[in-house]
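Okay, structure first, notes after.
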């Protein structure tokens, strides 16, 4: 329910602070990128002046290895500059997406990138057009030795690269076609107002994305229920706008795939990483064949919480009733660093220095992007955005998760050339969830308290449930709605809701009551507006569980292969990189092992409770 300021019984609301009201030490230090906005403007002007030089290379790339190398080196110089410009603009916008200066800066950058992409649109088609014989000679030339990886990755796209004029049109269309994701972000992070709600102490609290997560772990079932329905009431008020936005996001993916002659949007999304569709399909099939333990877990939840019916908003509250956990950010930082000790002193000390040097933007502020992310570039620290809440235990996991991304970036920056350092998301989610597994192991090893142990087991169960099972359900939703559009079926609010409800029922079974409002969850997941990302969370945790088990069992033997994995960047395709680290994701075995661990933990928790 909503509470009004003129209600005399209401404690003044705890409001979200403005950025200017937060201590500088709790924010990230972007001076590693630019000391001030003027520095960004200078580099922007530099890029604006330089990018027309792309045209000087047009029509000459097949002339000689020297000419091709000159073009590649110019392109690298421009990409390095663009990455730095985009990194700063994106982080400043994430700080406060209601600030017109931040929005204008990011908009100017995106427009400049569109102009540059249009000018450089010839580059890839022209390289693709080099005759096979000449191509072999180029690759054999020592001048291009450092470019082999990039050139071979580029060449395999040859069947899907269009003419220079067609590539120019797609480059021009990139910005308008990407509007769905931006519209979703502005609507959900700036325009939506979730009102004010009373907490367990009777204090009025401003409901937000971050506060919503906090309410879902409250012991009071009424608080959870009220927060859930009040939060989703705002999504209900914007459901038609959101469904239209999601439909256009899907259509963008289908359009791009058809324009480039891929068989489907899903195939187009997986092609860059050289991931067979069978990996995606095996993931869904394996998870759906192992849902019995999830049903057991829901029964355990209902029994332990003494609920007649179990709803979605009852699935996050810790089951260890006597454990009340509040962890400051500084405490969370030290806990994370201690848990990562199996990776060695160099890893831990580098991350410790990163925390000390303000890699992390810690707390929720007005207009700040919701959720969390790690964002790195080749010449700057890998920054972390958090919206840390000290009463949300999962935020400690979020911190170590994002630290995993950041350390992955740190090591790949130092081990790889720029053209090979940028690792694919498929691998990124391995590094992040690996850290989460070390945290769980550390917590289980350092407590003998029965209730705390139950709490930690509960956390690991929920982590696997959220990262493997839930993300697989999301992946199946994306697969279905893209196939619907490709088959000419309408994408409407009702069709989205119907597909999503069917999946909710299939995955969760009769043990979970599906409130009608939960159907709207399909409209609030940011990744749905940039599809075929979420399956990588599920494959990532499966690989991470296997690799972390190896490091914990025998650090001396398995630490180095894992560190080599972090250093590999994007120099190899992800399945090949993981095989060298010790896990084969082309089979369903790692997924099955992760689900077996989930079932084991459910049994252990049931015995403890």
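The values are calculated or read from the model by the stated rules, or taken from the named source; none is laboratory data. Model, not experiment: these values are computed from the prediction. FYI the Cβ positions are ideal-geometry reconstructions off the backbone, even for glycines, and counts take in every protein chain you see.
Here are a few things to note about the model shown:
- Matching option when the condition is out of contact with any helix residue (DSSP H, G or I) (no Cβ under 7 Å at 6 or more places or on another chain), closer than 23 Å to residue 592 by Cα and either crowded, with 23+ Cβ neighbours inside 10 Å or modelled with pLDDT of 95 or more (or both), among 505, 478, 436, 483: 505
- Of everything listed in (1) at pLDDT 95 or above; (2) closer than 24 Å to residue 88 by Cβ; (3) buried (at least 21 other Cβ atoms within 10 Å of the Cβ), the single unmet condition for residue 400 is (2).
- Residues satisfying the stated conditions in the stretch 339-367, i.e. touching a strand residue (DSSP E or B) at 6+ places or on another chain (Cβ under 8 Å) and either part of a helix (DSSP H, G or I) or over 15 Å from residue 30 (Cα atoms) (or both): 354
- Criterion (under 22 Å from the mean Cα position of the chain (by Cα) and farther than 15 Å from residue 581 by Cα) met by exactly one of 520, 491, 547, 566: 520
- Sole residue being at pLDDT 90 or above, over 26 Å from residue 482 (Cβ atoms) and touching a helix residue (DSSP H, G or I) at 6+ places or on another chain (Cβ under 9 Å), chosen from 221, 164: 221
- Being surrounded by 13 or more Cβ atoms within 10 Å (Cβ to Cβ), over 22 Å from residue 375 (Cα atoms) and within 31 Å of the chain's Cα centre (by Cα) holds for only one residue in 72, 91, 68, 61, and it is 72.
- In the stretch 13-51, the residue that is modelled with the highest pLDDT out of those that are touching a strand residue (DSSP E or B) at 6+ places or on another chain (Cβ under 7 Å) and loosely packed, with under 15 Cβ neighbours inside 10 Å is 15.
- Of the criteria (1) buried (at least 17 other Cβ atoms within 10 Å of the Cβ); (2) under 28 Å from residue 370 (Cα atoms), which one residue 170 fails: (2)
- Failed criterion for residue 382 (all others in (1) without any contact (Cβ under 8 Å) to a residue 60 or more places away in the chain; (2) under 30 Å from residue 584 (Cα atoms); (3) more than 12 Å from the chain's Cα centre (by Cα); (4) outside any strand (DSSP E or B) hold): (4)
- Test result for residue 406, over 23 Å from residue 508 (Cβ atoms), without any contact (Cβ under 8 Å) to a residue 60 or more places away in the chain and under 14 Å from the mean Cα position of the chain (by Cα): yes
- Residue match in the stretch 491-504 (condition: farther than 20 Å from residue 294 by Cα, free of Cβ contacts under 8 Å to residues at least 12 places away in the same chain and not in a helix (DSSP H, G or I)): no
Yes/no per residue for (1) under 18 Å from the mean Cα position of the chain (by Cα); (2) in a helix (DSSP H, G or I); (3) without any contact (Cβ under 8 Å) to a residue 60 or more places away in the chain; (4) surrounded by 24 or more Cβ atoms within 10 Å (Cβ to Cβ):
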| site | (1), (2), (3), (4) |
| --- | --- |
| 428 | yes, yes, no, no |
| 431 | yes, yes, no, yes |
| 447 | no, no, yes, no |
| 464 | yes, yes, no, yes |
| 472 | yes, yes, no, yes |
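- Test: residue 80 is within 25 Å of the chain's Cα centre (by Cα) and under 30 Å from residue 137 (Cα atoms): yes
- From the options 117, 183, residue that is within 30 Å of residue 67 (Cβ to Cβ), modelled with pLDDT of 90 or more and in contact with a helix residue (DSSP H, G or I) (Cβ under 7 Å, 6 or more places away or on another chain): 117
- Residue under evaluation residue 250, criteria (1) in contact with a helix residue (DSSP H, G or I) (Cβ under 7 Å, 6 or more places away or on another chain); (2) assigned to a loop (DSSP other than H, G, I, E, B), criterion not met: (2)
- Of the candidates 236, 273, the single residue that is surrounded by fewer than 21 Cβ atoms within 10 Å (Cβ to Cβ), touching a residue at least 60 places away in the same chain (Cβ under 8 Å) and under 28 Å from residue 394 (Cα atoms) is 236.
- The stretch 56-66 - residue that is in contact with a helix residue (DSSP H, G or I) (Cβ under 6 Å, 6 or more places away or on another chain) and assigned to a helix (DSSP H, G or I) and, of those, nearest to residue 417 (Cα to Cα): 65
- When every residue of the stretch 416-424 is checked against the conditions, none turns out to be assigned to a helix (DSSP H, G or I) and under 21 Å from residue 535 (Cβ atoms).
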